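To start, the structure itself, in structure tokens.
Bear in mind these aren't lab numbers, they're just calculated from the coordinates by the rules spelled out. This structure is a prediction, so every number in the text was calculated from the model and none was measured. Glycine also receives a Cβ, built like all others from the backbone with ideal geometry; neighbour counts cover every protein chain displayed.
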Amino acid sequence: MASTGQQEKTSFWGRLQQAVSRTREQFVERVDDALRGRKEIAPELFSALEAALLGADLGVETTAELLQRLRERVERKDLSDPAALRGALREELTSLLRATHDRSAPMQFIGAKPYVVFLVGVNGTGKTTTIAKLTHRWQREGRRVLLCAADTFRAAAGEQLEVWAERLKTELLRQKPGADPAAVVFDALTAAKARGADAVLVDTAGRLHTKSNLMAELEKMKRTAAKVIPGAPHDILLVLDATTGQNGLAQARQFTQAVGVTGIVLTKLDGTAKGGIVVAIARTLGLPIRYLGVGEQPDDLLDFDPEAYVASLFD
């Protein structure tokens, strides 16, 4: 009989493979088609690889860098046959993702109580659902979580968060629609300190990254948080919808410049063939992918692991 650890590992692997199945069809299967039956690495093979990489939404710059790395290995005689080229592509993808992942500090609760996390991003990316998933995860670890409904522009946003709070039996602090979001953050963090909460998850309004006034408001919320709890927010997670592909990269760039994003949560990975955006984000912005959203249920949040992600595409 399999141990609990083995079962969790198997479950993780199976869910990850299922989530990237459309990307695998679009990307690796096209790579395999290009390599099939070839005896040597010819120039037209790189054209086929380029099409596969762009089709998976790695982007022009990331694709060009990967192909250049592979060409250099061919020129050095490190690669001599098409089958070896497949393995080299896998190695280079893993290397790009690992470089960013290794530089990032993991989310941790040491030295910060409560641990404050802002979730930012445009409307419809899944911020509120991601908050519910993080709450569920931390509750299972025995942590007390308080939710802050700082999206005061849409009454529906607060109502959605309230539904999740009731379902997860966790505390929620919200105010009437139109209230100052910074004031809501102040009240939530003050309450969290008084009640001994371990973490506060702040749901922010879905901002268009081109709206400078809304970005300025988010900056005000950050300053308010730091006044109540030194060092807060300890993390700012940008929630991106994987189905948007390169548009998500543009969002990530704008949010990073405006508010200092510390990590990415990539949602709806199971609904797209554009999973290559993971690599583009890591290479272009140097931002770590922290979590992958692979469904709508509280358990549908996977830790991101570079080796496992690339392996799930190629195996």
Label-point separation, Glu44 to Asp315 (7 Å along Cα→Cβ), nm: 3.5 nm
Estimated [θ] at 222 nm from DSSP helical runs (n ≥ 4, -39500 (n - 2.57)) normalised by residues in the chain, nearest 500: -17500 deg cm²/dmol
When each of Lys39/Lys77; Lys176/Lys222; Lys133/Lys176 is checked by Cα-Cα distance, pairs over 19 Å: Lys176/Lys222; Lys133/Lys176
The range 147-229: C-alpha gyration tensor shape, a/c 1.5 cut-off, then a/b vs b/c: oblate
Two-site label geometry, Lys220 and Lys77: point separation in nm, points 7 Å out along Cα→Cβ: 6.7 nm
Cα-centred dipole magnitude for the range 138-200, charges only on beta-carbon of K, R (+1) and D, E (-1), debye, nearest 20: 180 debye
Segment Ala183-Ala64, extension gain: residue separation times 0.36 nm, minus the distance between their alpha carbons: 38.2 nm
Magnitude of the charge dipole, the range 115-261, Cβ model with Lys/Arg +1 and Asp/Glu -1, debye to 20: 180 debye
Computed over the range 158-291, Cα set: Rg, Dmax in Å: 15.9, 46
Computed FRET value (nearest 0.05) for Gln18 with Glu162, which takes r as the C-beta separation and R₀ as 41 Å: 0.85
Alpha-carbon radius of gyration plus Dmax, which is the widest Cα pair, for the range 186-235 in Å: 12.0, 37
Over the range 115-261, relative contact order from alpha-carbon pairs under 8 Å, at least 6 apart, %: 36 percent
Inter-site label distance for Ala84 and Arg144 at 7 Å from Cα along Cβ, in nm: 6.1 nm
Selection from Thr272, Ile229, Val117, by position along the positive dipole direction of the chain (Cβ): Ile229
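Would you list Tyr291, Tyr309 from fewest to most Cβ contacts within 10 Å? Could you put the intermediate results ahead of the total?
Values: Tyr291 21, Tyr309 24.
Ascending Cβ contact count within 10 Å gives the list Tyr291, Tyr309.
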Among Leu287, Gln246, Ala42 the positive-end extreme of the charge dipole of the chain (Cβ point charges): Leu287
Share antiparallel - DSSP beta bridges, the chain, percent rounded to 5: 10 percent
Rounded to the nearest 20 debye, dipole of the chain from Cβ charges on Lys, Arg, Asp, Glu: 780 debye
